[in-house]
1. Using 1/(1 + (r/R0)^6) with R0 = 30 angstrom and r between the beta carbons of N261 and I113, what's the FRET efficiency to the nearest 0.05?
2. Where the accessible area of the chain is counted over protein heavy atoms with a 1.4 Å probe, how much of it, in %, is carbon and sulfur?
3. Using +1 at the C-beta of Lys and Arg and -1 at the C-beta of Asp and Glu, which of F188, P112, G163 has the Cα lying farthest in the positive direction of the dipole of the chain?
4. Leaving out ligands and nucleic acids, and using a 1.4 Å probe, what accessible area per residue does segment 18-71 come to in Å²?
5. Might you tell me the accessible area per residue for segment 117-181, computed with a 1.4 Å probe and given in Å²?
6. What residues qualify as long-range amide H neighbours of I209, i.e. H under 5 Å apart, gap of 5 or more or another chain, H built at 1.01 Å from N?
7. So if I place +1 on the C-beta of Lys and Arg and -1 on the C-beta of Asp and Glu, and nothing else carries charge, what would the dipole magnitude of the chain be about its Cα centre? I want it in debye, nearest 20.
8. Under a GNM of the chain (C-alpha, springs under 10 Å), which listed residue has the highest mean-square fluctuation: T55, T235, T183?
Amino acid sequence: AVIMIVLVVGIFLTLVVQSVPSIKALGIKYLWGKTWNPVTNVYGAYPFLLGTLLTSFLALIISIPFSFAVAIYLGEYNSKGWLSNLLKNAVELIAAVPSVIYGFWALIVLVPIVRSLEIELGVVPYGIGIFSASLVLAIMIIPYAASLGREMIKIVPQSLKEGAYALGATRYEVIKNVILPYTKSGLFAGILLSLGRALGETMAVTMVIGNTSIIPNSIFAPGNTMASVIANEFTEADSSVYLSALIELGLVLFLVTVVINMVGKRIIKRFTSE
């Protein structure tokens, strides 16, 4: 535990030190600056902060029903047998696939589907953009909440379920009134784990988000996340302020992740104490 704390503090201090030139040159307005133009040395993180939060939370909203459905099915409806084992292995395999493979798959399969949907809805048919990136992220983060949720559902005491069945409850009522309330802190922890994974995802998002520094005006518009900007531009940084501004983006991403985790843990504690 001590080693992990030292490591986290070390990463934070390294990011702060390397961000000093950017902090001195740009100040606090860096956070809400809406323009990112390395040619004129104007750097604003707001479009990327917005893009990161949009893709991550949209992916989370899309993934939650599927994660919970998988967790409930494998934890309660079909916890044993060849089909259950096959599905468990499939879920674990989804988590193990490299993100660049998801990016290729999204470009070839998902982007044309999203483009067709955009034509039907009457919006500009980019195909790539915030929505496409969110769909890929949703698929990538399903295993985290699903696996933790399945394990939590499996440890619900059998006596609680049997008591509910003895009182005449249906399986749906047992899940709704016994299993979900008993496992709510664990299910929320799974959601938090998924969100943490979504916030930091780089390669798959970079390949399908559109990579534009303009503030997205809808979920179908191209955008950028903090991680994708760093991945795209880090090797091109030709001035100390430009390089430092990219490192400061990493610092902002680090702080956003820490804050969301702290808030999530407080909510989990409140769930647990109820």
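The values are calculated or read from the model by the stated rules, or taken from the named source; none is laboratory data. Keep in mind the model is a prediction, meaning the values are calculated, not measured. We place every Cβ from the backbone using ideal geometry, glycine too, and count neighbours over all the protein chains shown. Ligands, DNA and RNA are stripped out before the accessible areas are found, and what is left, the full protein with its side chains, is counted by its heavy atoms. Shrake-Rupley method; radii C 1.70, N 1.55, O 1.52, S 1.80 Å.
1. After rounding, the FRET efficiency stands at 0.35.
2. Carbon-and-sulfur percentage of accessible area, whole number: 71.
3. Highest projection toward the positive end goes to G163.
4. Normalised by residue count, the accessible surface of segment 18-71 is 50 Å².
5. So segment 117-181 comes to 50 Å² accessible per residue, rounded to a whole number.
6. G129
7. The calculation lands at about 760 debye.
8. T235
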